[in-house]
1. Suppose we keep only residues that are in contact (Cβ under 8 Å) with a residue 40 or more places away in the chain and closer than 18 Å to residue 44 by Cα within the range 88-107. Which one would you say is nearest to the chain's Cα centre (by Cα)?
2. For residue 159, all conditions in the list (1) assigned to a helix (DSSP H, G or I); (2) closer than 30 Å to residue 64 by Cβ hold save one; what is the number of the exception?
3. If we scan the range 59-75, do we find a residue that is within 12 Å of the chain's Cα centre (by Cα) and closer than 28 Å to residue 145 by Cβ?
4. Within the range 136-144, is even one residue touching a residue at least 24 places away in the same chain (Cβ under 8 Å), surrounded by 14 or more Cβ atoms within 10 Å (Cβ to Cβ), touching a helix residue (DSSP H, G or I) at 6+ places or on another chain (Cβ under 6 Å) and closer than 29 Å to residue 88 by Cβ?
5. Counting only residues that are within 30 Å of residue 13 (Cβ to Cβ) and in contact with a strand residue (DSSP E or B) (Cβ under 7 Å, 6 or more places away or on another chain), give me the strands (runs of 3 or more DSSP E) lying completely in the range 92-141 with at least 2 of them.
């Protein structure tokens with residue numbers, strides 16, 4: 001999973017003095033909300049584009065986590081593992097969730113959520129790009145992809161060989 005985010009318009013704030021009774025104190029007020037667009041891409045083995053979604057005007061970001069229990073044929077829990085997913089909401093109310101993942105390499109969905117929150121609030125650079133992938137799924141897929149590529153190369157090579 002690759003997440004790219006860009007601050008299209010910065011949040012504009014101003015400091016004003018507010019009086020309550022006899023006390024005057026400075027208050028930061030949001031004059032205009034900023035706009036952050038997020039693009040999420042799924043790739044096979046990190047190379048081949050699989051799907052892509054662009055979320056415009058993101059206002060809320062979070063991460064949810066859970067535990068998945070593996071059960072045997074009798075229904076007894078044999079092992080469990082933690083999963084995590086990224087949740088993104090737009091100003092229009094649309095919500096997008098990444099697929100639940102565990103055993104990740106790269107930036108975890110929770111860390112990405114924190115960095116996106118900072119981007120929305122204007123406390124970080126104007127763009128960011130982060131990625132993660134479940135290492136087990138990709139480790140299992142690499143030999144299959146390698147066999148496919150070698151078969152294809154052998155097939156094409158058989159046509160290129162002089163008779």
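Coordinate-derived values only; no laboratory data. The shown structure was predicted, so the numbers you read here are calculated from the model rather than taken from an experiment. Here the Cβ positions follow ideal geometry from the backbone for every residue, glycine too, while neighbour counts run over all protein chains shown.
1. So the residue we want is 98.
2. For residue 159, the exception is condition (2).
3. The answer is no, given that none of the residues of the range 59-75 is within 12 Å of the chain's Cα centre (by Cα) and closer than 28 Å to residue 145 by Cβ.
4. no
5. Per the criteria, 95-97, 127-134.
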